[in-house]
1. Mind listing whichever residues of segment 209-229 are surrounded by fewer than 12 Cβ atoms within 10 Å (Cβ to Cβ) and closer than 29 Å to Thr11 by Cβ?
2. Quick check: is even one residue across segment 56-71 in contact with a His (Cβ under 9 Å, 6 or more places away or on another chain) and either surrounded by 14 or more Cβ atoms within 10 Å (Cβ to Cβ) or in the same structural domain as Met194 (by TED's automatic domain parsing) (or both)?
3. Spot the failing condition for Ala332; the list is (1) in contact with a strand residue (DSSP E or B) (Cβ under 6 Å, 6 or more places away or on another chain); (2) of a type outside the set (S, T, N, Q); (3) free of Cβ contacts under 8 Å to residues at least 12 places away in the same chain, and only one is missed.
4. Of everything in segment 328-361 that's surrounded by fewer than 20 Cβ atoms within 10 Å (Cβ to Cβ) and polar (S, T, N, Q), which residue is farthest from Gln251 (Cα to Cα)?
5. Name the one entry in Glu270, Glu215, Glu300, Glu247 that is within 22 Å of Thr57 (Cβ to Cβ), among the acidic types (Asp, Glu), out of contact with any Phe, Trp or Tyr (no Cβ under 7 Å at 6 or more places or on another chain) and not in a loop (DSSP other than H, G, I, E, B).
6. Going through segment 15-38 one residue at a time, which ones are assigned to a helix (DSSP H, G or I) and out of contact with any Asp or Glu (no Cβ under 7 Å at 6 or more places or on another chain)?
Amino acid sequence: MKSLYLDNSATTKVNSKVLKEMQKCHSIDYGNPSSQHFLGEKAQEAITKARQEIAKTLNCKPQEIYFTSGATESNNLAIQGLAKANPHKKKIIISSIEHPSITELCKYLQTLGYKIIKIPVDAQGHIRIDILKKELSPDTLLVSIMHVNNLFGTIQDIEKIGQLCKDNNIPFHTDCSQSLGKLPIDTNKDNITMLSASAHKIGGPKGIGLLYVKENTKIEPLFYGGGQEKGLRSGTENVPAIIGFAEALKQIKKTNRNKVEKLRNKLIDELIKIGGKINGSLQDRIYNNINVSFMTLSSEVLVQYLSKKGICISSGSACESKKEKEDEALKALGLNAIEIKGAIRLSINEDLTDKDIIYILNEIKKAIKKLKI
């Protein structure tokens, strides 16, 4: 049975060229970058090169890129690090559709006396800019708005948000886990103060992420050690993963986005014909995302049914407690309980064919007949 993977928003297959580059670091250039000998120097040079390559993509300085274990750590470091360095500012503004690594952190910060403001979104998933404007004030620590929603793929106008924050002298942080390498991002043009991302969303390895921090931003580390990453993120650098991250960013840019978007649109059209309701914006949507609700189905049951047919999709998180947190984003769109219960996410790549789409649609049609609630 052929395996069809449509869960690329959760994680991706590691690109073969990424694996090749990483293997060199594991078996040949394996030195500790802090060591004084030639193998250590080679490792440090490799990190420097990777940092430079990634910086070009974001139009920033290499020294503004810090490597972490992933976007969750980057999000925590951005917000907590800024809070530690600016203890007099107690207001944090986020959107109502942020990833749990933002929302759960903000729940914790509330217990420490921080005021958390959640900006609502419209039915398409765009944040209410008019409400954001009203909430900006001198005591605001930062604004944190994700670039692309991980569930329903709506793209936010980060340039407009960044300009608004700049005009009010407020730091702007954005989680770009779903957009890095897929959409244009310019840290200067978009007036971004801090940016988070992970490698495993773009064909890179798990366990490596980055945090961009604009030069002269007051931020403190979350933990202490050997002073790596200019003291902001101590710990021996994960050299193979860092190299893999830079290579993955190179490779993802070669994606035939028009092909993927065409396949995605075809799938959307056919899903609507069989009773699916598309969630999120149809126009401002990342090119590989579909989020659709079937009113007569349970998404968890549908995921299991399709899995037995070799089709991997998502109903949100496999962890029930995490799924409840992610469902908050669907509620923010205005979805009712039935629409949320029947919501699935399909995130495709260019390996998918027209023949595959026919097979997927046929299996969903069969499921609709067999699995009605």
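The values are calculated or read from the model by the stated rules, or taken from the named source; none is laboratory data. Given the structure is predicted, the values throughout are model-derived calculations rather than measurements. With ideal geometry, Cβ positions are generated from the backbone for all residues, glycine too; neighbour counts draw on all protein chains shown.
1. The answer is Phe223, Gly225.
2. Within segment 56-71 (the criterion being in contact with a His (Cβ under 9 Å, 6 or more places away or on another chain) and either surrounded by 14 or more Cβ atoms within 10 Å (Cβ to Cβ) or in the same structural domain as Met194 (by TED's automatic domain parsing) (or both)), the answer is yes, since at least one residue qualifies.
3. Condition not satisfied by Ala332: (3).
4. Step by step, filter segment 328-361, then rank; the result is Asn336.
5. Working: Glu270 fails: within 22 Å of Thr57 (Cβ to Cβ); Glu215 fails: not in a loop (DSSP other than H, G, I, E, B); Glu300 fails: within 22 Å of Thr57 (Cβ to Cβ).
None of the others qualify; the one that does is Glu247.
6. Filtering segment 15-38 for residues assigned to a helix (DSSP H, G or I) gives 16-27, 38.
Within segment 15-38, Ser16, Leu19, Lys20, Met22, Gln23, Lys24, Cys25, His26, Ser27, Phe38 meet the criteria.
So that you can scan it fast, the table gives a plain yes or no per residue for (1) at pLDDT 95 or above; (2) over 16 Å from Val213 (Cβ atoms); (3) in contact with a Cys (Cβ under 6 Å, 6 or more places away or on another chain); (4) aliphatic (A, V, I, L, M):
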position	(1), (2), (3), (4)
Leu136	yes, yes, no, yes
Leu141	yes, no, no, yes
Asn150	yes, yes, no, no
Gln156	yes, yes, no, no
Cys176	yes, no, no, no
Pro184	yes, yes, no, no
Asp190	yes, no, no, no
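Here's the yes/no breakdown for (1) touching a Leu at 6+ places or on another chain (Cβ under 7 Å); (2) outside the structural domain of Asn362 (by TED's automatic domain parsing); (3) farther than 26 Å from Asp157 by Cβ:
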{"position": "Glu270", "(1), (2), (3)": "yes, no, yes"}
{"position": "Leu282", "(1), (2), (3)": "no, no, no"}
{"position": "Asn291", "(1), (2), (3)": "yes, no, no"}
{"position": "Val301", "(1), (2), (3)": "yes, no, yes"}
{"position": "Ser307", "(1), (2), (3)": "no, no, yes"}
{"position": "Ala337", "(1), (2), (3)": "no, no, yes"}
